[in-house]
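Worksheet for the structure shown next.
The values are calculated or read from the model by the stated rules, or taken from the named source; none is laboratory data. These figures come from a predicted structure and were not determined experimentally. All Cβ positions, glycine included, derive from the backbone under ideal geometry; neighbour counts span all protein chains shown.
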Amino acid sequence: METAGVRMMNLPDEVMDQAYTVFEEWGPNRAKDRAERLKEEIPSLTDAEIEFVIGEMKAVNATVWKIAEMGGEMKNGKDVVVKMLQKKHPFLKWKGLNHAVTLVNYYAWHEGYDK
């Protein structure tokens, strides 16, 4: 969904960053459909924007897994992990970035990539 580093829809970074935390949240809300959760948490999003956001968040997940497979923070350091995430997904700046880093490290640990 990303073309040469330019997002096709011009949603604010704050919205995209927040959307990642909603998209990959833990707990009982995770059982709810992602589109429903996004609409509840960010009611200003249209259906087309939600579809776009879901595609972008799937791309973030792919990046999270690639970095996890490289060993996460344990093998690369936090600064490198953050740079890799923000290079591919510059809207990750706040809670979404922290959540992505946490998932990188969790997956790296859980799958043994951090060894």
* Counted residues, region 33-43 - those being more than 16 Å from GLU14 (Cα to Cα) and either surrounded by 13 or more Cβ atoms within 10 Å (Cβ to Cβ) or in contact (Cβ under 8 Å) with a residue 60 or more places away in the chain (or both) -> 3
* To do: Kindly establish whether ALA68 is in contact with a strand residue (DSSP E or B) (Cβ under 8 Å, 6 or more places away or on another chain), part of a helix (DSSP H, G or I) and closer than 18 Å to TYR107 by Cα.
  => no
* Structure fact -> Selection from region 60-73 of residues loosely packed, with under 14 Cβ neighbours inside 10 Å and touching a residue at least 40 places away in the same chain (Cβ under 8 Å) yields GLU69
* Structure fact -> Out of (1) of a type in the set (Val, Ile, Thr); (2) touching a residue at least 12 places away in the same chain (Cβ under 8 Å); (3) closer than 17 Å to PHE23 by Cβ, the one THR46 does not meet is (2)
* Asked: Out of curiosity, is MET16 in contact with a strand residue (DSSP E or B) (Cβ under 9 Å, 6 or more places away or on another chain) and over 28 Å from LYS115 (Cβ atoms)?
  -> yes
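Filter region 85-106 for residues that are buried (at least 19 other Cβ atoms within 10 Å of the Cβ) and part of a helix (DSSP H, G or I) and give the result.
If we filter region 85-106 for residues that are buried (at least 19 other Cβ atoms within 10 Å of the Cβ), which is where we start, we get 85, 89, 91-92, 96-97, 99-101, 103-105.
Passing the criteria: LEU85, GLY96, LEU97, HIS99, ALA100, VAL101, LEU103, VAL104, ASN105.
Can you pull out every residue in region 16-29 that is part of a helix (DSSP H, G or I) and either touching a residue at least 40 places away in the same chain (Cβ under 8 Å) or within 16 Å of ALA100 (Cβ to Cβ) (or both)? Write out each step before concluding.
Here is the first cut: in region 16-29, the ones part of a helix (DSSP H, G or I) are 16-23, 28-29.
If the condition is that a residue be part of a helix (DSSP H, G or I) and either touching a residue at least 40 places away in the same chain (Cβ under 8 Å) or within 16 Å of ALA100 (Cβ to Cβ) (or both), then MET16, ASP17, GLN18, ALA19, TYR20, THR21, VAL22, PHE23 are the ones that fit.
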* To do: Please work out which one of (1) at pLDDT 95 or above; (2) part of a loop (DSSP other than H, G, I, E, B); (3) within 30 Å of LYS115 (Cα to Cα) is the condition PRO43 fails and give its number.
  => (3)
* Failed criterion for GLU49 (all others in (1) of a type outside the set (Phe, Trp, Tyr); (2) at pLDDT 95 or above; (3) in contact with a helix residue (DSSP H, G or I) (Cβ under 7 Å, 6 or more places away or on another chain); (4) over 30 Å from HIS110 (Cα atoms) hold) -> (3)
